[in-house]
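Down below is the structure, laid out as structure tokens.
The values are calculated or read from the model by the stated rules, or taken from the named source; none is laboratory data. Computed from a prediction, not measured in an experiment: that's the story for all the values here. Cβ coordinates were reconstructed from backbone atoms using ideal geometry, including for glycine residues, and neighbour counts include every protein chain displayed. Quick note on the areas: whole protein, heavy atoms, side chains included, nothing else; ligands and nucleic acids left out. Shrake-Rupley method; radii C 1.70, N 1.55, O 1.52, S 1.80 Å.
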Amino acid sequence: MMDGNGRWAAQRSLPRTAGHKAAEAAVIDVIEAARAAGIQWLSLFAFSTENWRRPGVEVEFLMRLVQRTIRKHAMALHARGIRCRFLGALDRIPPSLARDIADLVTLTRANTGMTLTVAFDHGGRGDIVTAARSLIRNRVPPEEVTEESFAGHLPHPDTPDVDLVIRTSGEQRISNFMLWQVAYAEWMFPQVLWPDFRAAHLWECLHAYRRRERRFGGVQVRTATGKG
Ligand code: IPE
Ligand code: IPE
Ligand code: MG
């Protein structure tokens, strides 16, 4: 969750948009670092369904910035074997941006490297409603609605459950991010503001993640030596 762009700009007496602009370098660095670390699925929360509440100029700036970033980096992402996807409605955004997104998705569709999901105009509750509608539309009988079948009706149903969520800037909230998929995720809240987030911060988080004990409601099975 790429958070803290506005505060990064405010610290420098710059407009909030300058913080968004500075975020591009962090995005590129983190994508490369995640790929190098062997991560198969990376999701970036870029714009939430609630972010439409922001001033029109900021929203327009974000739309243009995302479009410029896609155009600038599409070929490099493709060359690195990254499969790009977008999670979000995409029918409320400017049509030319929607076209560029569709082109990037098509270009990288067959890539077998890391899958990069950009959550854009995304809301976790909205995705759950989408799944419920899909079940009803497909006349799935109530007794066949299970956690597994329900998940199969979410957008991008092949997306695995989230293992680790990193939200920068110290804010400790879900803010409607992939609600279904984060059910058992580990969370980290580094203080660093997103425009300053770099590969080294990601490595730190991955290192800390490896030391976490994930129990999924069960108990840790210990060996005879008691070391676990
Ligand atoms: C994250 O930074 C970018 C988006 C939500 C689009 P913010 O713009 O939320 O920055 P802060 O939280 O105001 O510092
Ligand atoms: C969440 O950040 C959305 C993104 C990171 C894109 P916000 O800054 O919009 O969330 P709130 O308003 O602090 O919950
Ligand atoms: Mg924020």
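In whole percent, how big is the carbon plus sulfur part of the accessible area of region 1-75, probe 1.4 Å, protein atoms only? Walk me through the intermediate numbers first.
On the way: 2190 of 3900 Å².
C and S fraction of accessible area: 56 percent.
If the only charges are +1 at each Lys and Arg Cβ and -1 at each Asp and Glu Cβ, what is the size of the charge dipole of the chain around the Cα centre, to the nearest 20 debye?
My answer is approximately 440 debye.
With every protein chain present, what is the per residue accessible area of region 79-191 (1.4 Å probe, Å²)?
Values: 6030 Å² over 113 residues.
Per residue, region 79-191 has 53 Å² of solvent-accessible surface.
Once phi is turned into ³J(HN,Hα) by the Karplus curve 6.51 cos²θ - 1.76 cosθ + 1.60 with θ = phi - 60°, what whole-Hz value does each residue of region 165-175 show in order, with x for glycine and proline?
In residue order, the calculated couplings are 10, 10, 10, 7, 6, x, 5, 10, 9, 7, 6 Hz.
Amide H neighbours of residue 179 under 5 Å, counting only residues 5+ apart in sequence or on other chains, H built in-plane at 1.01 Å?
The answer is 124, 125.
To the nearest 20 debye, what is the magnitude of the charge dipole of region 46-179 about its Cα centre, counting +1 on the Cβ of each Lys and Arg and -1 on the Cβ of each Asp and Glu?
With Lys and Arg at +1 and Asp and Glu at -1, about 640 debye.
Going highest first, how would you order 90-100, 3-13 by mean Cβ packing within 10 Å?
3-13, 90-100
Taking K and R as +1 and D and E as -1, what net charge do the other residues with C-beta under 14 Å from the C-beta of residue 52 add up to? Please report the intermediate quantities before stating the final value.
Values: positive: 53, 54, 92; negative: 50, 58, 60, 91, 121.
Net of charged neighbours comes to -2.
Give the shape of region 5-210 as rounded, prolate or oblate, defined through the alpha-carbon gyration tensor: a ≥ b ≥ c are the square roots of its eigenvalues, a/c under 1.5 means rounded, and otherwise the shape is prolate if a/b is larger than b/c and oblate if not.
Because its axes are fairly even, with a/c under 1.5, region 5-210 counts as rounded.
In terms of the Cα gyration tensor, with a ≥ b ≥ c the square roots of its eigenvalues, is region 34-119 rounded because a/c is under 1.5, prolate because a/b exceeds b/c, or oblate?
prolate
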